[in-house]
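> Before anything else, here's the structure in question.
Coordinate-derived values only; no laboratory data. Computed from a predicted structure; not experimentally measured. Cβ coordinates were reconstructed from backbone atoms using ideal geometry, including for glycine residues, and neighbour counts include every protein chain displayed.
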Amino acid sequence: MKKILLFIFSFTFLFVSSSLAQTKITIATGGTGGVYYPYGGTMAEIITKFVPGVTATAEVTGASVENVRLVGQKKVELGLSMNDTVYQAYNGEGKFAGSKIDSLRTVFQMYPNLYHIVTLKKYPIYTISDLKGKKVSVGAPGSGTELKTSQVLPALGITYKDIKVYRLSFAENTTQLRDGTIEVGIWSVAPPTSSIIDLATTHEIRFIPFSKEEIEKIEKEYPYYVGSVIPKNTYKGQTEDVPTIAVWNSVVCHKDLPEDLVYRITKAIFENKKMLVDTHKIAEFTDPKVSATKSPIPIHPGALKYYREIKVIK
């Protein structure tokens, strides 16, 4: 009898071990030239190394919109996406009108794209209301920056009719601020960004801050935007923190992904965050408290289990 029980136990152990060894997950990232791909590649490395029985691979994709669709279709286990896309997909808005993906859940928040409103110190522009009547680059046509500007400024009482609108790329912002063609350039990027660094090497620049009331108004109007800060000394001559708004980038999964698997992935990522930071400095923003409190959609129970375990939420 003991031999039979031992055999059954051994067979069960081997079966379970074999099943774990066969668990493979795919992470949908973005193009090879962006931040998503190296970030997702390091996530795959962490998961493969520190989550027993799981092998992860990063996949090149068209980024945010494609990624949430792939997750919703269960074609990948994890996807990287901007939170405005995540929110709209979950609620069936924007590009997802009539085809909402309410099976999405967040795992953690990666880093923010911060809204930079930049002028030269020689111009008497100190607040957002000072933009009225000025020559302002609102972002390139069809860009995430232009989309945000078209929402943010009107929410603060400034329409495109109140400014002289230019739709320029980040590089063009720098060139035309230098040339005096525009007086204000707007960027929505992960800091520090090279085009603003270049501008600051030749000109004294000023960042236009958001007031507390302005941030609260934006957050109320658009749940996927959150208050944030461009830390002092991010750019040359920037001696103070600059209050601004941000749209975070999330790692999302399907609600049906097993709770224990998501828990172990979340735990492994945060316990080995240094690997992410070594890959890209922007990963310094990857934080469990932010992840537990800033998601625009429901958080997966497996991730919540980890956040409660480390007491960033109750």
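> Per 10 Å bin, what percent of the C-alpha pairs of segment 113-247 does each bin hold, from zero upward?
13, 49, 35, 3
> Under 16 Å Cα-Cα from Lys95, which lysines qualify once same-chain neighbours fewer than 8 residues away are excluded?
Lys148
> Continuing with this model, one more query. Could you tell me which helices of the chain pass both thresholds, a Cα extent of 27 Å or more along their own axis and a mean Kyte-Doolittle hydropathy of at least 1.6, with helices taken as whole DSSP H runs? Mind showing how you got there, number by number?
Values: long enough: 2-21 (28 Å, 1.62).
Membrane-span-like by this criterion, though nothing is claimed about a membrane: 2-21.
> Between Thr202, Thr23, Thr293, find the one with the highest GNM mean-square fluctuation for the chain; connect C-alpha pairs within less than 10 Å.
Residue with maximal mean-square fluctuation among Thr202, Thr23, Thr293: Thr202.
> Let me ask something additional. Which is the longest run of the chain containing none of the GluC sites (Glu not before Pro) found in DSSP loop states (not H, G, I, E, B) with at most 15 other C-beta atoms within 10 Å? All intermediate terms of the calculation are to be shown ahead of the outcome.
Values: sites that count: Glu93, Glu204, Glu240.
Segment 94-203 is the longest.
> OK, next. Under 8 Å for C-alpha pairs, at least 6 residues apart: give me the relative contact order for segment 113-247, rounded to a whole percent.
33
> Oh, and also: Starting from 0.36 nm per residue, how many nanometres of slack lie between Arg167 and Thr201 once their C-alpha separation is accounted for?
Stretched fully, the Arg167-Thr201 segment lengthens by 9.9 nm.
> As an exercise, use a Förster radius of 51 Å and the Cβ-Cβ distance of Asp130 and Asp256 to find the FRET efficiency, rounded to the nearest 0.05.
Computed FRET efficiency for Asp130 and Asp256: 0.55.
> Next up: Quick one: what do you get for segment 161-211 if you divide its Cα Rg by 2.2 N^0.38 Å?
Normalised Cα radius of gyration, segment 161-211: 1.14.
> Now for a different question. Do you know the relative contact order of the chain, to the nearest whole percent, from alpha carbon pairs under 8 angstrom that are 6+ apart?
After rounding, I find 23 percent.
> Then there's this: Two decimals is fine: what's Rg over Rh for the chain, C-alpha atoms, Kirkwood radius as Rh?
1.06
> Here's a follow-up. Using the C-alpha atoms of segment 185-246, what convex hull volume per residue, in cubic angstrom, is computed?
Per residue, the Cα convex hull of segment 185-246 comes to 78 Å³.
> Could you work out the helix-only [θ] at 222 nm for the chain, with each DSSP H run of four or more residues adding -39,500 (n - 2.57) and the total divided by the number of residues, to the nearest 500 deg cm²/dmol?
My calculation for the chain gives -12500 deg cm²/dmol from helical runs alone.
> While we're looking at this one, here's another question. Restricting to bridges with both residues inside segment 113-247, how much of the DSSP beta-bridge set is antiparallel, in percent to the nearest 5?
75
> Of Lys236/Lys289; Lys134/Lys289; Lys274/Lys294, which sit over 32 Å apart, Cα to Cα?
Lys134/Lys289
> What is the antiparallel percent of DSSP beta bridges lying wholly in the chain, to the nearest 5?
Details: 28 of 42 bridges.
Of those bridges, close to 65 percent are antiparallel.
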